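Colleague: Handing you this structure, nothing more for now.
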Amino acid sequence: ILGIANTFTKTGTLNVTKTVPNTIIYNSPGAQNIVNTTYNNLILSNGGTKTAAGAITVNNDFTINTGVTFAAASFTFSLYRHFTNNGSFTASPSTVQLLGANAADVTGATTFNNLTVNKTTSAVWVTQMNNLTTNNLTMTKGNIQTGSFSITITGTRTGTGLIIGTITHSHAFA
C-alpha cells in the first residue's frame, strides 16, 4: 500500500503487475491530481477533489471514498474489476470502460457520460449495486444485471451485450 498525501510525480514506470495485489491511495484532505498511469487498486480518500490528469487504467478495484469528489475531466478510464463510488463522481465528457475477464460490481448511485461494457466474453457479468445513469451506453461484449435497481440511458445505447433488469430510456421527443 502506498499512500500519497501530496503530489505524486511519476518520472518512470509504475510497475503494478510485478507484486500483486498492491494499492495506491490518494489521501490528501485537499485537492489532488491523479496521475495518468496504470494502477492495480486505486483508492481516493480523505475528502477533497481528486482530478484526473489523464487516462487511467485500474487492473483491479477503483474506489471513491465518502467525502471525495472525483473529477473525471475528458479522459477514458479502463477498469478491469469493481467500481465503487461512496463519494461523488463528476463525469464531464469522460468515458468509463468496464473491461476484461472478471465479473464486476458497480456500487454507488453514479451518473456516467459514456459507459462501455466490453468484457472478454459475453458470459461475463457486470452487476449493479445501485441505480445508474449514463448519457451513452455501449454494450460491446458482456452483460449488465440491474437486480432491483435500474439503469437510465439519456442518450444512445449501442452494441449487442444484454441488460437483464430495468432499463429507462429518457430522451426528448421532437
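The values are calculated or read from the model by the stated rules, or taken from the named source; none is laboratory data. In this text, all values refer to a predicted model and were calculated from it rather than measured experimentally. Cβ atoms come from the backbone with ideal geometry, glycine included; neighbour counts cover every protein chain shown. Quick note on the areas: whole protein, heavy atoms, side chains included, nothing else; ligands and nucleic acids left out. Shrake-Rupley method; radii C 1.70, N 1.55, O 1.52, S 1.80 Å.
Colleague: Go through the range 26-83 and report how many residues are closer than 15 Å to GLN97 by Cα and of a type in the set (Lys, Arg).
Modeller: Of the residues in the range 26-83, 1 are closer than 15 Å to GLN97 by Cα and of a type in the set (Lys, Arg).
Colleague: Just to be sure, is ASN130 over 21 Å from THR57 (Cα atoms) and outside any strand (DSSP E or B)?
Modeller: Considered against the rule, which asks whether it is over 21 Å from THR57 (Cα atoms) and outside any strand (DSSP E or B), ASN130 comes out as yes.
Colleague: Then there is this: Taking into account only those residues within the range 98-118 that are in contact (Cβ under 8 Å) with a residue 24 or more places away in the chain and hydroxyl-bearing (Ser, Thr, Tyr), which is surrounded by the fewest Cβ atoms within 10 Å (Cβ to Cβ)?
Modeller: Per the stated criteria, the residue is THR107.
Colleague: In addition: May I ask you to say which residue of THR168, THR138, THR121, THR158 is free of Cβ contacts under 8 Å to residues at least 24 places away in the same chain, of a type outside the set (Phe, Trp, Tyr), open to solvent by 40 Å² or more (accessible area, probe 1.4 Å) and within 28 Å of THR37 (Cβ to Cβ)?
Modeller: THR121
Colleague: Exactly one of (1) of a type in the set (S, T, N, Q); (2) in a loop (DSSP other than H, G, I, E, B); (3) at pLDDT 95 or above; (4) more than 21 Å from ASN41 (Cβ to Cβ) is unmet by ASN102. Its number?
Modeller: Answer for ASN102: the failing condition is (4).
Colleague: Also, quick follow-up: Would you confirm whether or not the range 3-22 contains a residue that is open to solvent by less than 40 Å² (accessible area, probe 1.4 Å), among the polar types (S, T, N, Q) and either within 17 Å of GLN128 (Cα to Cα) or modelled with pLDDT of 95 or more (or both)?
Modeller: Scanning the range 3-22, I find no residue that is open to solvent by less than 40 Å² (accessible area, probe 1.4 Å), among the polar types (S, T, N, Q) and either within 17 Å of GLN128 (Cα to Cα) or modelled with pLDDT of 95 or more (or both), so the answer is no.
Colleague: Also, quick follow-up: Quick check on ASN118: is it over 17 Å from VAL58 (Cβ atoms) and either of a type outside the set (A, V, I, L, M, F, W, C) or part of a strand (DSSP E or B) (or both)?
Modeller: no
Colleague: What pairs come up if the first residue lies in the range 1-29 and is touching a residue at least 24 places away in the same chain (Cβ under 8 Å) and assigned to a strand (DSSP E or B), the second is open to solvent by 90 Å² or more (accessible area, probe 1.4 Å) and aliphatic (A, V, I, L, M), and their beta carbons are under 9 Å apart, counting only those six or more places apart or on different chains?
Modeller: ILE25/ILE1
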